[in-house]
1. I'm told residue 179 meets every condition in (1) part of a helix (DSSP H, G or I); (2) at pLDDT 90 or above; (3) touching a helix residue (DSSP H, G or I) at 6+ places or on another chain (Cβ under 7 Å) except one. Can you identify the failing condition by its number?
2. So if I check each of 27, 72, which one is modelled with pLDDT under 90, open to solvent by less than 70 Å² (accessible area, probe 1.4 Å), farther than 30 Å from residue 197 by Cα and charged (D, E, K, R)?
3. Restricting to the range 100-117, what's the tally of residues that are surrounded by 15 or more Cβ atoms within 10 Å (Cβ to Cβ) and assigned to a helix (DSSP H, G or I)?
4. Of the residues 159, 203, only one is in contact with a Leu (Cβ under 7 Å, 6 or more places away or on another chain) and either over 17 Å from residue 21 (Cβ atoms) or not basic (Lys, Arg) (or both); which?
5. Name every residue in the range 165-186 that is aliphatic (A, V, I, L, M) and either closer than 15 Å to residue 199 by Cα or touching a Gly at 6+ places or on another chain (Cβ under 6 Å) (or both), in order of residue number.
6. Within the range 180-214, can you find the residues that are more than 18 Å from residue 26 (Cβ to Cβ) and under 19 Å from the mean Cα position of the chain (by Cα)?
7. Filter the range 138-159 down to the residues that are at pLDDT below 90, within 19 Å of residue 220 (Cβ to Cβ) and either hydrophobic (A, V, I, L, M, F, W, C) or loosely packed, with under 15 Cβ neighbours inside 10 Å (or both) and list them by number.
8. Determine if the range 168-177 includes at least one residue that is β-branched (Val, Ile, Thr), open to solvent by 10 Å² or more (accessible area, probe 1.4 Å) and closer than 27 Å to residue 114 by Cβ.
Amino acid sequence: MAKVNQFTPADHTVVTSAVSLAEKSTDGEIVTIVTGESDSYSDVAWAISGLVALTALLVISLFPEIYLHFIDWLAGGWSGISALPYWALFVFTALKFFGTRLILIWKPLLFLLVPPPIKKARVRRRAVALFRVSTDHRTVGRTGILLYLSMREHRAEIVADEAIAAKVEPAIWGNAMIAMIDLVRAGKPGEGMAEAVRQMGIVLSEHFPKTDQNPNELPDRLIEL
């Protein structure tokens with residue numbers, strides 16, 4: 001995964017401080033993770049390349065005279081062919097396939113072409129995987145919750161442990177998500193995550209108020225992947 005470079009030491013400080021402050025009023029344990037991207041989408045790049053190659057093959061079959069003229073021009077008018085040979089079809093489609101894949105190495109173009117539903121699914125999958133590693137069943141009361149931000153996709157996820165999920169509907173976190181994404185888009189990712197943490201803390205304090213029997217079990221610091 002790409003290393004995040006938009007977060008400064010000040011951003012880390014403000015997010016970590018927000019987590020520490022929010023956890024003073026709740027037994028909930030908030031984990032924050034930010035990453036540059038949630039997936040390489042290499043499979044999508046290969047799929048797009050295949051689609052381009054197949055489309056090229058279809059165009060060749062529908063308009064072979066265009067390519068015949070092109071071959072004739074390359075041969076200086078001495079090609080002497082009236083139908084495209086199999087090797088020419090193979091070469092044309094292979095050039096389209098590998099040429100497209102080479103172009104899609106440029107990540108901005110690839111991310112522009114990846115369908116939004118695929119981005120959403122990949123970000124969610126990555127968030128759940130990180131939750132299982134960093135948060136799931138790591139607190140006594142099953143009160144861990146992950147705030148995950150994927151910068152390149154401009155998407156975020158909140159994944160909660162079973163005790164929180166049983167009491168808080170996913171839609172409740174909507175305001176925290178909106179506040180964070182708005183600030184991230186404004187070029188303030190640290191403040192965005194801190195604001196989301198603050199709002200998450202308010203919700204958690206209502207359902208899981210602070211008790212003396214719940215120590216700080218998960219790190220408050222922002223984890224940058």
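The values are calculated or read from the model by the stated rules, or taken from the named source; none is laboratory data. A quick note: this is a predicted structure, and the numbers were derived from the prediction, not measured. Note: ideal-geometry Cβ built from the backbone for every residue, glycine included; neighbour counts use all protein chains shown. Areas reflect the complete protein model, heavy atoms only, side chains present, ligands, DNA and RNA absent. Shrake-Rupley method; radii C 1.70, N 1.55, O 1.52, S 1.80 Å.
1. Tallying (1) part of a helix (DSSP H, G or I); (2) at pLDDT 90 or above; (3) touching a helix residue (DSSP H, G or I) at 6+ places or on another chain (Cβ under 7 Å), residue 179 fails exactly one: (2).
2. The conditions single out 72.
3. Total meeting the criteria: 5.
4. Testing whether each residue is in contact with a Leu (Cβ under 7 Å, 6 or more places away or on another chain) and either over 17 Å from residue 21 (Cβ atoms) or not basic (Lys, Arg) (or both) leaves just 159.
5. Once the filter is applied, which keeps residues that are aliphatic (A, V, I, L, M) and either closer than 15 Å to residue 199 by Cα or touching a Gly at 6+ places or on another chain (Cβ under 6 Å) (or both), the range 165-186 yields 168, 171, 172, 176, 177, 178, 179, 180, 181, 183, 184.
6. 180, 181, 182, 183, 184, 185, 186, 187, 188, 189, 190, 192
7. 140
8. No: the range 168-177 contains no residue that is β-branched (Val, Ile, Thr), open to solvent by 10 Å² or more (accessible area, probe 1.4 Å) and closer than 27 Å to residue 114 by Cβ.
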